[in-house]
1. Name the pairs whose Cβ atoms lie under 7 Å apart, with the first residue in region 1-16 and at pLDDT below 95, the second within 9 Å of the ligand (Cβ to nearest atom), and 6 or more positions between them or separate chains?
2. Checking the structure you have, find out if any residue of region 186-205 is at pLDDT below 95 and away from the ligand (no atom under 16 Å from the Cβ).
3. Can you pull out the helices (runs of 4 or more DSSP H) entirely within region 1-103 that have at least 2 residues that are within 12 Å of the ligand (Cβ to nearest atom), buried (at least 17 other Cβ atoms within 10 Å of the Cβ) and not assigned by TED's automatic domain parsing to the domain that holds Gly257?
4. Restricting the search to region 178-228, which residues are β-branched (Val, Ile, Thr), under 19 Å from Leu81 (Cα atoms) and assigned to a helix (DSSP H, G or I)?
5. Across region 186-205, what is the total count of residues that are open to solvent by 50 Å² or more (accessible area, probe 1.4 Å) and not hydroxyl-bearing (Ser, Thr, Tyr)?
6. Would a scan of region 130-138 turn up a residue that is within 24 Å of Leu32 (Cβ to Cβ), open to solvent by less than 10 Å² (accessible area, probe 1.4 Å), free of Cβ contacts under 8 Å to residues at least 40 places away in the same chain and not in a strand (DSSP E or B)?
7. Only one of these conditions is not met by Ala236: (1) modelled with pLDDT of 95 or more; (2) in a helix (DSSP H, G or I); (3) within 24 Å of the chain's Cα centre (by Cα). Which number is it?
8. Among the residues that make up region 249-261, is at least one of them outside any loop (DSSP other than H, G, I, E, B), more than 16 Å from the ligand (Cβ to nearest atom) and open to solvent by 70 Å² or more (accessible area, probe 1.4 Å)?
Amino acid sequence: MNIAVIGTGYVGLVSGTCFADLGNHVICVDNLEEKVERLNRNEIPIYEPGLEELVRKNKEAGQLSFTTNIGQAVRQSDVILIAVGTPETNSGAADLSYVYAVAEEIGAELDETYKVIVNKSTVPVGTAEAVESIIQKRQPSASVDVCSVPEFLREGSAVKDTFHPDRVVIGGSSQKATDILTELHQPLTDRLVVTDTRSSEMTKYASNAFLATKISFINEIANICDIYEADVNAVAKGMGLDHRIGPKFLNAGIGYGGSCFP
Ligand SMILES: NC(=O)c1ccc[n+]([C@@H]2O[C@H](COP(=O)([O-])OP(=O)(O)OC[C@H]3O[C@@H](n4cnc5c(N)ncnc54)[C@H](O)[C@@H]3O)[C@@H](O)[C@H]2O)c1
């Protein structure tokens, strides 16, 4: 497939590179000229095991390229992934301005040729529909389906997580788009959860909230352990060996944070 990735940050660079390695033609777009120039010199802005070799290999094979030219990337692609940032605002809500700006830019470049637009950024429920209406307003003759495929990779093991995901959630807005996205993701896993866009967007928020709850929970248990002179590590081990609970995200510590857990 011909794929454009808009936003070549952590998520865009890793997923674009991995899709190229699977045999797709991928054009990664970023509006930071310096970043694109560096990538064109094989300078990788993040450290992820295996990423530099994969970028180099797929660039040399003609499967992967980097540009600031969104128009060219959109016109040459069947599937367009949006992977720009959605930072936390002062109110705690996600700042969707980058996603919406990209929707405007994509809309300006479209003609009647059918495209699947996929939102990989972490966004509130209803964003795929909002992106579709921005595009349709900008280009009323556009033929697009806007879908949601949230990203679950972890920084530090992003390449491994992309090639061996626990699952891929596909929120499709039509059967045609769902079929295309199923074909694209099938080489990665047979654990595909195919649903509508709203449920897909909600799955990402619910997963993040659940993981954050697990961390907060064990930290509260650690406080109670302090009061009662119990050992929280033993408690976490005793809990985590129960398969219904599991040991991950049960290490008492400083709590949660970072761009994915605002
Ligand atoms: N980093 C993670 O571990 C991770 C994991 C899962 C989900 N996510 C989510 O994925 C999304 C992207 O996160 P990230 O960490 O890759 O962000 P990032 O800040 O590393 O990258 C975003 C990139 O988009 C570019 N950009 C912004 N506006 C643009 C435009 N109009 N045209 C072209 N490029 C543009 C920026 O220059 C930047 O390079 C966020 O919603 C984030 O919450 C991140």
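1. none
2. Narrowing region 186-205 to residues at pLDDT below 95: none.
Checked region 186-205: no residue is at pLDDT below 95 and away from the ligand (no atom under 16 Å from the Cβ).
3. 10-21, 33-40, 70-75
4. Matches in region 178-228: Thr178, Ile180, Thr182, Thr197, Thr203.
5. Matching residues across region 186-205 total 9.
6. yes
7. Answer for Ala236: the failing condition is (3).
8. As a first pass, look at region 249-261 and keep what is outside any loop (DSSP other than H, G, I, E, B): none.
Among the residues of region 249-261, not one is outside any loop (DSSP other than H, G, I, E, B), more than 16 Å from the ligand (Cβ to nearest atom) and open to solvent by 70 Å² or more (accessible area, probe 1.4 Å), which makes the answer no.
The values are calculated or read from the model by the stated rules, or taken from the named source; none is laboratory data. Nothing here was measured: the structure is a model prediction, and the numbers come from that model. Here Cβ is always computed from backbone atoms with ideal geometry, including for glycine, and neighbour counts include all displayed protein chains. Heads up: the accessible areas ignore ligands, DNA and RNA and are worked out on the full protein's heavy atoms, side chains in. Shrake-Rupley method; radii C 1.70, N 1.55, O 1.52, S 1.80 Å.
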